[in-house]
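What follows is calculated from the coordinates using simple rules that are stated; it is not laboratory data. Predicted, not measured: the structure shown is a model, and the values here were computed from it. Note: ideal-geometry Cβ built from the backbone for every residue, glycine included; neighbour counts use all protein chains shown.
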Amino acid sequence: MMLKDTGERVIPEKMKITNELLIEHVARYHFASDFVHGRVLDFASGAGYGTHIIAKKCKDKVSEVVGVDIDTEAVKYAQGTFYHPLSTFIEGDVTDSTVPDKLGQFDCVLSFETIEHVEEESQFLANIYEMLRPGGTLILSTPFGEGRGVACGSPFHIHQLRIDEFRNLFPEYTTKEFYFQKGALIKPADFEAAEKLPLGLVICRK
């Protein structure tokens, strides 16, 4: 089946290899592949290409990769396009408080470019924390903007967090490592630098 392009959705087969949106999204999954292990959740997996990258590239160190997305058509597309024996695609809402009971716990949770779409931010983060096993790893990304409650240029985003808001999202985690991203470039965050890259990533350990 073909998946409808909503304007922000990444569908590799419909995009040129030079497309910056495609490059930055794929780069995050390759970056995450160095840190994943065990049972992995791709929370808001979209078209499923990222779940597939992790399943194929990390097949020797992951036991399962579960992609969850709220869009029925995206889940069907992922199931039909990105089959791998280690991966499963499931329809689900990242802010549904029953999701942890339905899915169980994971060694790693990935959630890329999700939180800016989520109005129930606290429930989303609580779900992730509950689903992570002790010692588990969260890798999350988001674009930076003017902050909570401020309209941003994207009609698809609730808002875009400021850097300081992003840094303060994860107080309950044992360790946090922050990174900045632009295109394929992902580098350790320098919060004192004059120039800040437009996207942020964090690796948190529970």
- Item | DSSP-assigned coil residues among GluC sites (Glu not before Pro) in the stretch 123-206, each with at most 12 further Cβ atoms within 10 Å | 172, 192, 195
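Hey, with R₀ at 30 Å, roughly what FRET efficiency would residue 70 and residue 191 work out to, going by the Cβ-Cβ distance, to 0.05? The partial results should precede the final answer.
Working: r = 33 Å, r/R0 = 1.10.
FRET efficiency, residue 70 to residue 191: 0.35.
Within the stretch 1-109, which trypsin sites (Lys or Arg not before Pro) sit in a loop by DSSP and count at most 10 neighbouring Cβ atoms inside 10 Å?
Details: sites: 4, 9, 14, 16, 28, 39, 56, 57, 59, 61, 76, 102; in loops: 4, 9, 16, 59, 61.
Answer in residue order: 16.
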- Local net charge near residue 104, Cβ-Cβ under 12 Å (Lys/Arg +1, Asp/Glu -1): -1
- Computed FRET value (nearest 0.05) for residue 35 with residue 150, which takes r as the C-beta separation and R₀ as 35 Å: 0.65
- Long-range amide H partners of residue 33 with built H, under 5 Å: none
- Item | Using θ = phi - 60° and Karplus 6.51 cos²θ - 1.76 cosθ + 1.60, couplings along the stretch 184-190 (whole Hz; Gly, Pro as x) | 7, 7, 10, 9, x, 5, 10
- Query: Once amide H atoms are built 1.01 Å from N in the peptide plane, which residues 5 or more positions from residue 42, or in another chain, come under 5 Å H to H?
  - Reply: 66, 67, 68, 110
- Task: DSSP loop (so not H, G, I, E, B), at most 15 other Cβ within 10 Å: list which GluC sites (Glu not before Pro) in the stretch 3-64 pass both filters.
- Result: 8
- Which residue, 58, 108, 152, has the most motion in a Gaussian network model of the chain that connects Cα atoms within less than 10 Å? 152
- Output ³J(HN,Hα) for the stretch 125-138: one whole-Hz value per residue in order, computed from phi by the Karplus curve 6.51 cos²θ - 1.76 cosθ + 1.60 with θ = phi - 60°, and x for Gly and Pro. 5, 5, 4, 4, 4, 5, 7, 7, 5, x, x, x, 10, 10
- Task: Evaluate the Kirkwood expression for the hydrodynamic radius of the stretch 50-134, namely the inverse of the mean inverse distance over all pairs of different C-alpha atoms, and round to one decimal in Å.
- Result: 13.5 Å
- Note on the structure: Log10 I(q)/I(0) at q = 0.09, 0.15 Å⁻¹ for the stretch 15-205, from Debye over equal alpha-carbon scatterers, is -0.30, -0.89
- Note on the structure: For residue 106, the residues 5 or more places away or on another chain with a placed amide H closer than 5 Å to its own amide H are 132, 133
- Note on the structure: The ³J(HN,Hα) series, computed from each phi in the stretch 160-174 with the Karplus coefficients 6.51, -1.76 and 1.60 at θ = phi - 60°, rounded to the nearest Hz and given as x for glycine or proline, is 10, 5, 6, 4, 5, 5, 4, 5, 9, 6, 10, x, 7, 7, 5
